[in-house]
Amino acid sequence: MLRRSDIGLACLLWVLVWGWPVIPVMAQGIPLPTAPPAGEQTAAVRRFADPEAGFELELLPGWRSENTVENDGRRVLEIIYRDRSQSLLRVRRESIPSDCTDDPPRCMAEREATDSLQFRPDFQLKKRERFSTSIARGTLLTFTFRRVGKPMTGRYYYLQTDDQTVWVLRFEGETRFHDTLRYQTDRLAYSFRPLP
């Protein structure tokens, strides 16, 4: 009769001699997609810089930049994923208020949520979390709301790059599209750099 320790020893011997068995990964009977080769994935990523706005970042496949002019004549840079309804990024540089000295990104995120975001139709704050990159520490604010009857998701990154400046990356889009883009919005925020 085999004891448990004998079975464990036999399994260990199997792994050492023949290696781990290959088992296809399935999710509810559907094979999971494999990652594209590394060269193919990075080939479509391109560096984007806007000296007038004062920043640069990496644009992933499907993202493009577009300049628009507001009613008051101001130029506004928008970074769009496929269609404006899927995801729209607007970047803004803001000075740190004097009463936000402890944790400026968190303070500014809370202030924007209470001063303006809460007045959007069906506003719900989903999550507030720390978010840091190699050059900035910050806060990520995730919320939902409605625009023209459609459920929308907002993901705002507050990145402090020096003692006086917080850059706010405001991503918004329809929930059905935007919720699947979390990895991409994080990656755009990680690649963000202010220009000297």
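The values are calculated or read from the model by the stated rules, or taken from the named source; none is laboratory data. Keep in mind that what you see is a predicted model, and the values were worked out from it rather than measured. Because the Cβ atoms are built from the backbone with ideal geometry, glycine has one as well, and the counts that use them run over all protein chains shown.
Of everything listed in (1) closer than 14 Å to Leu159 by Cα; (2) surrounded by 17 or more Cβ atoms within 10 Å (Cβ to Cβ); (3) polar (S, T, N, Q), the single unmet condition for Ser87 is (1). Residues that are touching a residue at least 40 places away in the same chain (Cβ under 8 Å) and over 26 Å from Arg176 (Cα atoms) within the range 69-117 comprise Arg93, Glu94, Ser95, Ile96, Pro104, Pro105, Arg106, Met108, listed in sequence order. The set of residues in the range 139-181 being of a type in the set (Lys, Arg), closer than 23 Å to Cys107 by Cα and free of Cβ contacts under 8 Å to residues at least 40 places away in the same chain consists of Arg155 alone. Phe143 passes all but one of (1) in a helix (DSSP H, G or I); (2) more than 22 Å from Gly54 (Cβ to Cβ); which number fails? Single failed check for Phe143: (1).
Just one of the listed residues (Glu112, Glu94, Glu58) is closer than 16 Å to Thr185 by Cα and either surrounded by 12 or more Cβ atoms within 10 Å (Cβ to Cβ) or in contact with a Cys (Cβ under 9 Å, 6 or more places away or on another chain) (or both), namely Glu58.
Can you confirm whether the range 170-178 contains a residue that is modelled with pLDDT of 95 or more, in a strand (DSSP E or B) and exposed (fewer than 13 other Cβ atoms within 10 Å of the Cβ)? Checking the range 170-178: not a single residue is modelled with pLDDT of 95 or more, in a strand (DSSP E or B) and exposed (fewer than 13 other Cβ atoms within 10 Å of the Cβ).
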